[in-house]
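> Got a structure here, written out as structure tokens. Questions coming.
Nothing in this text is a laboratory measurement; each read-out follows from the coordinates by a stated rule. Note that the coordinates shown come from a computational prediction; the quantities given were computed from them, not determined experimentally. Here Cβ is always computed from backbone atoms with ideal geometry, including for glycine, and neighbour counts include all displayed protein chains.
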Amino acid sequence: LSKRLNSKLPASTPEFLFEKQLTFFQPAAGYRFSMDSLLLADRVKINGNEHLLDIGTGCGILLLLLLFQHRTITATGVEIQEELAKIAKKNLAINGFDQQSTIVCRDIREITPSDTTARPDIIIANPPYKKRSTGRLNPNIQKAVARHELKLTLEELARSVHRLLNPGGRFYAIYPAERSAELLCTMNHHNISAETLQFVHTKRNVPAKLVLFTGVKNSTQPLTILPPVLPPFPGNDQRTIHSMHKDEEKGEKRRESSQLVEKRSN
């Protein structure tokens, strides 16, 4: 697994947001960000000159979205996969954010506050959401690490957030709704008290698919359940998460079929 984590990526593709004011690259066939990142970025609240830490930054999409909208913050992105860390660093540089942000290519479980420029006031994460022993493991290692708890379990995430976050600091995450109870219990065990929960529904009148979690370190405030997020979603061109995931699955199948045909022809 460790050898595959350091393998080279296929070509990256340029993407644009905010009417092409934000340009970034992501792997053409590896891990690509989803609507989850846009929903999470929309939930994060910034108060002045705060320092932000993104756990598992990928191509840096969450940092890009937040730095673009909040020019006074500083940020650190931690990414265990070397090639993704390189892309994230490039994305921050081409958008002019390299002076107020840093990418650290390390295992978050080994990171200390001294590695993050400053102890973060905010930590954000779109963590792996499937337990290692559940579901089909994607053959693409980038996608596998992003989706399955191969390199970071929920317990390890909570432990890292508690270790790094400023007292009174905020933790924002997006997670499968079906694991909400586990998320609340694990975070609470590490003194990250749930401040708000907001469930995300892919369609009206169907069970929630995701949950947006806000926790505060060492807080005693009561939990607030916010009104649900329903389609259309922010920045989603009126499409639901459900349809977007279907598009992603179709795209993956097309790419896998193309690769199979190419192997057979060789």
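> Contour minus end-to-end for His189 and Asp107, with contour as 0.36 nm per residue of separation and end-to-end as the Cα-Cα distance?
Gain on stretching His189 to Asp107: 27.3 nm.
> If you don't mind, another one. Note the full-extension length gain between Asp115 and Lys131 as 0.36 nm times their separation in residues minus their Cα-Cα distance, in nm to one decimal.
Here the segment from Asp115 to Lys131 would lengthen by 3.0 nm.
> What are the ³J(HN,Hα) couplings of the range 31-42, residue after residue, when phi is run through the Karplus curve with 6.51, -1.76, 1.60 and θ = phi - 60°? Round to Hz, x for glycine and proline.
Karplus-based 3J(HN,Hα) across the range 31-42 equals 6, 10, 5, 10, 4, 3, 5, 5, 5, 5, 4, 5 Hz.
> Which order do the peptides 43-51, 180-188, 212-220 come out in when sorted by mean C-beta neighbours inside 10 angstrom, highest first?
Those peptides, ordered most packed to least, come out 212-220, 180-188, 43-51.
> Another question about this same structure. Quick one, can you get me the convex hull of the C-alpha atoms of the range 22-92 expressed as volume per residue in Å³?
Roughly 83 Å³ of hull volume per residue.
> If you stretched the chain out fully between Thr196 and Ala28, how much longer would it get, using 0.36 nm times the residue separation minus the C-alpha to C-alpha distance?
56.9 nm
> Further question: How high is the FRET efficiency between Leu226 and Phe18 when r is their beta carbon distance and R₀ equals 30 Å, given to the nearest 0.05?
That gives a FRET efficiency of 0.75.
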